[in-house]
Amino acid sequence: MIDKIVPDLETAVSDVRDGHTVLVGGFGTAGMPFALVDALIEHGARDLTIVSNNAGNGETGLAALLKAGQVRKVVCSFPRQPDSWVFDELYRSGELELELVPQGNLAERLRAAGAGIGAFYSPTAVGTQLAEGRETRRIDGRDYVLEYPIRGDVALIKALRGDRWGNLVYRMTARNFAPVMAMAAETTIVEVHEVVELGALDPEVVVTPGIFVQHVVQVTDPFVDGAA
Amino acid sequence: MTVEDLPRWSLDEMAARVAADIADGAVVNLGIGMPTKVADHLLDGREIVLHTENGLLGMGPAPNDGDEDRDLINAGKQPVTLVPGASFFHHADAFAMMRGGHLDVCVLGAFQVSMHGDLANWHTGEPDAIPAVGGAMDLAIGARDTWVMMPLLTREGERKLVPVCDYPLTAPNSVSRVYTDRAVFDITAGGLLVRERVEGLGADDLAHLVGDVVLEEPA
């Protein structure tokens, strides 16, 4: 029997180790797995590399993880936001390393990791600061820059519903990076609003097949019920 | 006559000009800032599909107060709505739509655009600025046509349409058309072709405003 459902958040994040690369879903707060990030703070793993589109909002989620001093490096496309003061301060003081990656390259590097691609050439960032010193190649008259995959030891993502095989469906634009992060990590941990019976998800609409998922934990989100 | 006295288009008039140039059936990405205004001028019965790179095709206008949904947002993280026919997808597909040449038009704001179509819109280059690129570089090279919407001059009167960008580039040679508050320009191999000037602004006035950039008035 396959059962990826874990009873609580503490169990869900127990595989995280010091020094791990942790992929964290979400675009701003949409799709941000707040409960899992809080569990990671409680867990206390340190020296982490966080891969996420943003670098935290206000004092919750990723910002709280940064503030707890558990992060060594952030790989993201858009750290600077009106409410990213936790990141801003740590970055300016030199306590946090930043790798800035254009958003589409970030997504494709994650996808490449999940798909077993060794590297790929992207036209994005050619001729800019972000491609300085990097290998480029002209293919059919167009210039490209070599991009390497981003693998995660762990991915923390959020979905609307999941079953015990780890099949997932998402909610609107909260999907964002979650499907490619699920593919790119050794261990993918999902907080779902609702765990459903095997067979309850229409196979035609499953977005992330369970093969990419290791642990599922139910975190009922009162907002979703209110909006439904 | 001072620069302030010369006629100019309002933001709505600029947005209307961009909107008028978008073909029925086009798939379009409107960047953060000024370009979001273009959406208000597309509601005339044409079917134009709005793409947002956080995973939505078929974006509708902002919701009514109280109808916002935390999980339904645009790339600027503002609440939006759906139109019939909308679809959701993940981030890698969202950017494949750009890079793969599936998007017809992308309209972006800019700090500077060069007469060769180089775009600078992600970083002022100040040493203490925290860099953030988001999808700007992907967008600039992704759509079949990349248009910029910006004032011709900064508030301080500095030129934004320049021979060579001083700010760090987002993408070289990527912009094909620039909509400003004084004129609309096509970027061509021979220089900037003036498509339209605001009524009451002479060719000499415009040449004075743009400075060293090579201007070509329509024959």
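The values are calculated or read from the model by the stated rules, or taken from the named source; none is laboratory data. Everything numeric in this text was worked out from a predicted model, so none of it was measured. So basically every Cβ, Gly included, is an ideal-geometry build from the backbone, and we count neighbours across all protein chains shown. The area values use the complete protein model at the heavy-atom level, side chains included, leaving out ligands, DNA and RNA. Shrake-Rupley method; radii C 1.70, N 1.55, O 1.52, S 1.80 Å.
Values for this structure:
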item: Distance histogram in 10 Å bins (all Cα pairs of the range A:53-175, percent per bin); result: 11, 33, 34, 19, 3
item: Chain B, helix-only ellipticity at 222 nm - DSSP H runs n ≥ 4, -39,500 (n - 2.57), divided by all residues, nearest 500; result: -4500 deg cm²/dmol
item: Computed accessible area, A:Thr173, all protein chains, 1.4 angstrom probe, square angstrom; result: 0
item: Separation in nanometres of the label points that stand 7 Å from Cα toward Cβ, at B:Asp44 and B:Val214; result: 3.4
item: Percent antiparallel among DSSP beta bridges (both partners in the range A:114-226, rounded to 5); result: 45
item: Candidates per GluC sites (Glu not before Pro) in the range B:99-208, loop by DSSP, up to 10 other Cβ within 10 Å; result: B:Glu156, B:Glu158, B:Glu199
item: Protein-protein interface of the range B:26-68, residues with accessible area decrease of at least 20 Å², isolated chain reference, 1.4 Å probe; result: B:Asn54
item: Value in Å of the Kirkwood radius, where chain A supplies the Cα pairs that are averaged; result: 18.0
item: Cross-link partners of A:Lys73 among aspartates and glutamates (Cα-Cα below 15 Å; sequence separation of 8 or more within a chain); result: A:Asp18, A:Asp47, A:Asp88, A:Glu89, A:Glu95, A:Glu97, A:Glu99, A:Asp153
item: Rg(Cα)/(2.2 N^0.38 Å) for the range A:77-146, N = residue count; result: 1.35
item: Cα-based radius of gyration of the range B:121-219 once divided by 2.2 N^0.38 Å, which approximates compact folds; result: 1.15
item: For chain B, projected area of the alpha-carbon convex hull averaged over all directions, nm²; result: 13.6
item: Positive minus negative residues near A:Gly162 (Lys, Arg vs Asp, Glu; Cβ under 15 Å); result: -1
item: B:His116 - accessible surface, heavy atoms, 1.4 Å probe, Å² rounded to 10; result: 100
item: Rounded to 5, percent antiparallel among DSSP beta bridges of chain A; result: 30
item: For chain A, calculated [θ]222 nm from helices alone, where every DSSP H run of n ≥ 4 adds -39500 (n - 2.57); result: -6000 deg cm²/dmol
item: Additional length obtainable on full extension of the chain from A:Glu59 to A:Asp18, 0.36 nm per residue less Cα span; result: 12.5 nm
item: Nearest-0.05 FRET efficiency for A:Met1 and B:Thr188, computed from C-beta distance (R0 60 Å); result: 0.35
item: Computed E for B:Thr2/A:Trp85 - FRET, C-beta separation, R0 60 angstrom, nearest 0.05; result: 0.90
item: Euclidean distance of C-alpha centroids, the range A:141-206 and the range B:138-162, integer Å; result: 36
item: Percentage of interatomic Cα-Cα distances in the protein assembly as shown larger than 41 Å; result: 20
item: Overall Cα dimensions of the range B:9-101, principal axis frame, Å, largest first; result: 37, 37, 24
item: Beta bridges by DSSP in the protein assembly as shown, antiparallel share as percent, to the nearest 5; result: 40
item: A:Ala115 paired with A:Val206, simple spin-label distance in nm, labels 7 Å along Cα-to-beta-carbon; result: 2.1
item: Computed FRET value (nearest 0.05) for A:Val195 with A:Arg92, which takes r as the C-beta separation and R₀ as 45 Å; result: 0.60
item: Distance between the range B:92-136 and the range B:62-77 - C-alpha centres, whole angstrom; result: 24
item: Lysines whose Cα lies under 30 Å from that of B:Lys160, excluding same-chain neighbours fewer than 8 positions away; result: B:Lys37, B:Lys77
